[in-house]
Every structure is written in structure tokens, then in C-alpha cells.
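Visitor: For reference, the structure I am asking about is given below.
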Amino acid sequence: MIRQVEYFEKPGKENTTGCLEIVKELVKEGYSHVVVATTGGETGLAFARALKGQTVNLVAVTHNVGFGPPNQDECSEAARKEMQALGAKIYTGTILTRSIDYAFMRQHQGISPSYVAAQTLRLFCQGMKVAAEITAEACDAGLVPEGVDVIAVAGAGRGADTVAIIEAHPSHRFLEIRFRQILAKPI
């Protein structure tokens, strides 16, 4: 199989539309699971609106409450409600590679295996790390089935700049996750 990869000049939300077009084509090909990272809800909403009426399991993955300021949810309630009204499922939970290990690393200046995994994936780009994390998180929550190929959409900060097809596995089988295809990423 030969497939074209979209290389964006730089990371960022200006690539969201390009990622969305790639995902729409993949859904036409028959992919039925899409996992998208969304912080404030804007990216999740863009995908939910564009995929409305499609036979697709769209999962929007947000940061955990308190990721920023204590007790604060970065994804607005209005965005959550609209995404759900459009048929998206929402997962809010701890970022896979930023769990309790992160607290110990900060306190004791060490490193953990999850940090090494995160840094390794970042060698490709921030979006690849996030794509792997959100796929495992959605699988952990039972929102995508294990062992199927899902379209993972992620980015660096806000918006989307990375699209990959990933074989989904839960976090306790993280090393079984496979990147099947990389379809977009910043250079």
C-alpha cells in the first residue's frame, strides 16, 4: 500500500483543517473509530461537527481536571454538551505518561519508564506521544475496542497537527500498541 503523508511546516492549530480532511477520507475508506485530543473542546467540536451523520465512533479525550489550576476543567461545559449532542463520547482522565510517576519525578528528580516512553515518542513529534496516550486512554475506558485500528488525531498544544492509524490497546498493554500508518505530522 502506498499512502501520502502530509508534512506540515510547523506544529499548531492551523493544521487542524488539513487533519480533518485526512480523517474524513479515512472514514470513507471504512475506518470506524476516531480518537481526538481536545483541551478546551475546540478541536473535538470541529471533528464532531465535521463527522456528524457519519457511522463513526468519535471519542474526544480531554485533560484531567486539575491539569492546570486545581479543580479546573479546561474543556468547557458548553463544548462537552455540544460534542455529546453531535454523538461524540468524551473521556476525561489522567494523561497516561503524566500520572503518579510525574509527581515522584518532580519530588525526587528521577526518571520513570513512562517518561522515557513519552520522550521517545516526542522524537517523532508531540502529537505522536499524545496519539498513543489518547488511544490507550480511550481503550482503558472501553470507548474503543482493543485490537482494532483507530484513527488518532493529536497535536502540540491547541488544534491538531498529527494523524496516525494505531492498533488500540489499554495502558497495561501499552507496549503492544502499534502505529500502523502515519498520515500527518509537523516536520
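The values are calculated or read from the model by the stated rules, or taken from the named source; none is laboratory data. Keep in mind that what you see is a predicted model, and the values were worked out from it rather than measured. So basically every Cβ, Gly included, is an ideal-geometry build from the backbone, and we count neighbours across all protein chains shown.
Visitor: Please find, within region 158-173, the residue that is surrounded by the fewest Cβ atoms within 10 Å (Cβ to Cβ) out of those that are free of Cβ contacts under 8 Å to residues at least 40 places away in the same chain and charged (D, E, K, R).
Guide: 173
Visitor: Working carefully through the options 155, 93, find the one that is within 17 Å of residue 40 (Cβ to Cβ) and touching a residue at least 60 places away in the same chain (Cβ under 8 Å).
Guide: The conditions single out 155.
Visitor: Would you pick out the residues in region 1-45 that are assigned to a loop (DSSP other than H, G, I, E, B) and within 18 Å of residue 158 (Cβ to Cβ)?
Guide: Selection gives 9, 10, 11, 12, 38, 39, 40, 41.
Visitor: Can I ask one more? Do the conditions hold for residue 107, that is, is it modelled with pLDDT under 90 and not acidic (Asp, Glu)?
Guide: Yes: the conditions hold for residue 107.
Visitor: Output yes when any residue across region 50-64 is touching a residue at least 24 places away in the same chain (Cβ under 8 Å) and farther than 30 Å from residue 3 by Cα, and no when none is.
Guide: Scanning region 50-64 turns up at least one residue that is touching a residue at least 24 places away in the same chain (Cβ under 8 Å) and farther than 30 Å from residue 3 by Cα.
Visitor: Oh, and also: Within region 174-187, how many residues turn out to be modelled with pLDDT of 95 or more and either surrounded by fewer than 19 Cβ atoms within 10 Å (Cβ to Cβ) or not in a strand (DSSP E or B) (or both)?
Guide: Of the residues in that region, 6 qualify.
Visitor: Also, quick follow-up: Filter region 25-43 for residues that are polar (S, T, N, Q) and farther than 15 Å from residue 84 by Cβ; which is surrounded by the most Cβ atoms within 10 Å (Cβ to Cβ)?
Guide: Residue satisfying both the conditions and the ranking: 43.
Visitor: Okay, next question. Please find, among 101, 140, the residue that is touching a Ser or Thr at 6+ places or on another chain (Cβ under 6 Å), among the acidic types (Asp, Glu), under 21 Å from residue 32 (Cα atoms) and without any contact (Cβ under 8 Å) to a residue 60 or more places away in the chain.
Guide: After ruling out the rest, the residue left standing is 140.
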